[in-house]
Structures are given as structure tokens and as C-alpha cells.
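What follows is calculated from the coordinates using simple rules that are stated; it is not laboratory data. Since the structure is predicted, the reported quantities are computational estimates derived from the model, not experimental observations. Cβ atoms come from the backbone with ideal geometry, glycine included; neighbour counts cover every protein chain shown.
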Amino acid sequence: MRSHHIAVAVALCAARAGAQELSATTRAQIREVAASARSLGSPAAAHAAGFEPVFGWIPTMGVHYVNEARMKDGRTFKLVEPSQLMFSPIAGKDSLVGAAYAYLAPVGDSARPVTFQDNPPWHEHPNLAPPGQTLVMLHVWFVPSPDGPFAGHNFNLPFWALGLAPPNAERLVDSVAGPMIRKAALALSEVADTAGLFPVLAAREPLHTQLRELRDSVRVLVPALERSQFAGDWGQWERTAARAARHWDSFRAAYLSAVVLPERRARMAGRMDEMTSSPNGAVHGHPRD
């Protein structure tokens with residue numbers, strides 16, 4: 001039954017995404033990329049084709065599978081040859097949710113390849129590149145994404161990972177409800193993947209125990225979210241999501257309290273805050289570094 005609900009929710013969300021202001025050519029190009037990657041629609045198939053997983057599951061990105069050979073040639077944009085594939089659980093199955101194009105560029109080099117018809121902006125991961133360079137990246141989502149098909153983050157993924165339907169896309173981009181729902185999504189991600197947002201740090205005590213207790217508090221909210229979405233009571237859904245969001249504030253504080261070095265604490269705070277407040281920022285940081 002839950003799988004059916006998720007499939008319906010994905011279809012409804014896809015209908016909303018189709019209304020976004022994209023040119024017909026760009027929409028056709030996205031479909032072309034998705035169709036070209038269909039044969040790589042499982043982690044095993046991706047691995048067999050030369051894609052290797054990195055970082056583990058990032059709540060708003062999934063697991064990145066990277067093709068190193070394509071990465072080296074990434075500045076030469078090839079529509080149907082993305083250098084990365086993203087997988088995330090939907091209805092209990094690791095599903096291909098998107099792809100990414102990426103390459104290394106010198107710091108300060110602002111030239112970017114022309115990509116899709118609407119030429120969406122690339123973003124950067126300077127923390128994932130050698131000194132003097134930055135990793136330039138462009139995501140394209142094959143599944144509905146509330147911030148658009150080229151957003152750096154997709155906040156639907158944590159909901160799907162737990163078998164829940166995400167809220168209406170318009171709520172996620174609302175200036176008041178949006179940040180709350182994004183925090184709720186990150187709190188839910190701590191239940192979906194108990195390795196945590198920062199796995200090495202999360203394995204240490206006393207943080208490990210703190211996180212386990214917080215996850216127990218979030219876990220009891222999942223059935224309440226499911227019941228309210230099934231009943232179509234989105235007012236109750238948002239009240240429950242607000243409780244989850246407050247738990248995320250506690251997760252954030254717990255992570256930061258476990259870090260001794262001020263500069264590292266600042267980097268972690270910036271990465272977590274970017275995930276809840278900047279839908280399409282120009283510079284991103286992978287949370288697991």
C-alpha cells in the first residue's frame with residue numbers, strides 16, 4: 001500500500017514540475033538524458049559501466065556514482081554522457097533519480113560550458129578539489145525537484161526514502177513554510193540513514209548516543225506524517241513537520257557541539273544552513289567531507 005501511495009505522489013509531483021518555466025527544448029533535453037541513462041538504472045548496472053559510489057547517501061542528493069574517465073573530459077559538455085549518476089531510495093528501491101556533469105577548474109575561472117537550451121547555472125564544490133582548483137558541477141533531476149530540475153539539492157528525497165509523500169512543491173518554496181519543511185526533511189534523513197550527515201563524527205560518543213535519542217524522537221513522527229498525508233490533512237501534516245524541524249535544530253546543535261576546531265565548526269554550520277536556506281546557491285559544500 002505504501003509503495004502505491006509513493007508512486008501516486010511522484011506522479012502528482014511530476015505534473016507540478018511540468019508547469020515550471022522551462023523551454024520545450026530544455027524539457028526535451030532532460031528527457032533525452034534520462035532516456036540515455038535508463039540502462040544504468042540500478043547501482044549494479046552503473047558499477048558495471050564504470051561508475052563508482054562516493055560519499056554515501058547525502059539526504060538531498062542521494063548517492064553519487066562517479067565515472068572518472070568522463071570527469072576528466074567534463075569541460076567538453078556532452079548531453080547524454082553525464083559524469084555522475086545519483087541514486088536514492090524510492091518506495092524501498094534504490095532508484096536512479098538524476099545525473100550530474102562535473103569537472104575541475106582553476107579558482108577564479110568563471111567560464112562555463114553551454115549546456116541545456118535554458119543554460120542553467122553551474123555550482124561549485126571548492127572543498128572537493130585540490131588547492132587552487134574548484135569542482136564545477138551541474139545537477140539534472142529525473143524525478144520532481146521542488147527547486148527545479150537543475151537545483152543543487154532535492155528535498156523530496158528524504159521523504160521518499162521513508163515511504164512518505166513530500167508536500168506540495170509550492171509549500172517547499174514558500175518563504176515561511178519552506179525553511180521549516182527543509183529542516184523537517186533533514187530530520188527525517190537522520191532516520192532514513194542512521195550513519196548520519198557526518199558519519200565519522202556521528203560514530204563517536206557522546207554524540208552517537210545523543211543522535212540515537214533524537215532519531216527516536218523523530219521516528220515516532222513518521223506514522224503521524226503518513227496518516228495526515230493519507231487523510232489529506234496537510235494542516236496537521238505541517239504541524240507534525242514543524243515538530244520534526246525543531247528536532248533538526250537539536251541535531252544541528254549536537255553536531256556542532258561535538259567539534260572542537262572553530263574553523264571546522266564554521267564549515268559544518270555553513271553546509272547545514274545552506275541545505276535549509278539556499279535552494280540554488282552558486283557555491284555548495286558536500287556535507288560528508
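For the residue pair Val173 and Thr194, what label-to-label distance in nm results when each label sits 7 Å from Cα along the Cα-to-beta-carbon direction?
In this crude spin-label approximation the distance works out to 3.7 nm.
Going toward the positive end of the dipole of the range 88-240, with +1 on Lys and Arg Cβ and -1 on Asp and Glu Cβ, which of Tyr101, Thr115, Ile181 do you reach last?
Value computed over the given set: Ile181.
Under the rule of at least 5 residues apart or a separate chain, name every residue whose amide H is placed under 5 Å from the amide H of Val97.
Sorted by chain and number, the residues that satisfy this are Met86, Phe87, Ser88.
Could you give the length gained on full extension between Ala48 and Ala269, defined as 0.36 nm per residue of separation minus the Cα-Cα distance, in nm?
Using 0.36 nm per residue and subtracting the Cα-Cα distance, I get 75.9 nm.
So how strong a dipole does the range 2-161 carry about its Cα centre when Lys and Arg Cβ are +1 and Asp and Glu Cβ are -1, to the nearest 20 debye?
Taking the Cα centre of the range 2-161 as origin, the dipole is about 340 debye.
Under a straight-distance cross-link criterion of Cα-Cα below 18 Å, which aspartates and glutamates are reachable from Lys183, leaving out those fewer than 8 residues away in the same chain?
Asp147, Glu170, Asp174, Asp193, Glu213, Asp216, Glu226, Glu238, Asp249, Asp273, Glu274
Check cross-link reach from Lys72 to the aspartates and glutamates: straight Cα distance under 18 Å, and skip same-chain residues fewer than eight apart.
Glu52, Glu81, Asp109, Glu124
For the range 148-185 and the range 73-136, what is the separation of their Cα centres, given in Å?
Each part's Cα centre sits 21 Å from the other's.
Given that compact globular proteins tend to follow 2.2 N^0.38 Å, what is the ratio of the alpha-carbon Rg of the range 2-161 to that value? Could the numbers behind the result be given before it?
Working: Rg = 15.4 Å, N = 160, 2.2 N^0.38 = 15.1 Å.
For the range 2-161, the normalised Cα radius of gyration is 1.01.
For Ala111 and Asp216, calculate 0.36 nm times their separation in residues minus their Cα-Cα distance, and state this gained length in nm to one decimal.
Values: separation 105, 0.36 × 105 = 37.80 nm, distance 4.70 nm.
So the chain would gain 33.1 nm between Ala111 and Asp216.
Along the positive direction of the dipole of the chain (beta-carbon charges: Lys, Arg +1; Asp, Glu -1; about the Cα centre), which of Phe55, Ala202, Leu128 reaches farthest?
Toward the positive end, the furthest listed residue is Ala202.
Using the Cα centre of the chain as the reference point, and only Cβ charges (+1 on K/R, -1 on D/E), how large is the resulting charge dipole? Debye, rounded to the nearest 20.
Working: 28 positive and 26 negative charges, 65 e Å.
Using Cβ point charges on Lys, Arg, Asp and Glu, the chain gives about 320 debye.
For the chain, with a Gaussian network of springs between Cα atoms less than 10 Å apart, report the residue from Ser83, Ser228, Ser257 with the top mean-square fluctuation.
Fluctuation is largest for Ser257.
Please list 3J(HN,Hα) in residue order for the range 102-111, calculated via the Karplus relation 6.51 cos²θ - 1.76 cosθ + 1.60 where θ = phi - 60°; whole Hz, with x for glycine and proline.
Residue by residue, the range 102-111 yields 7, 7, 8, 9, x, 4, x, 7, 9, 5 Hz.
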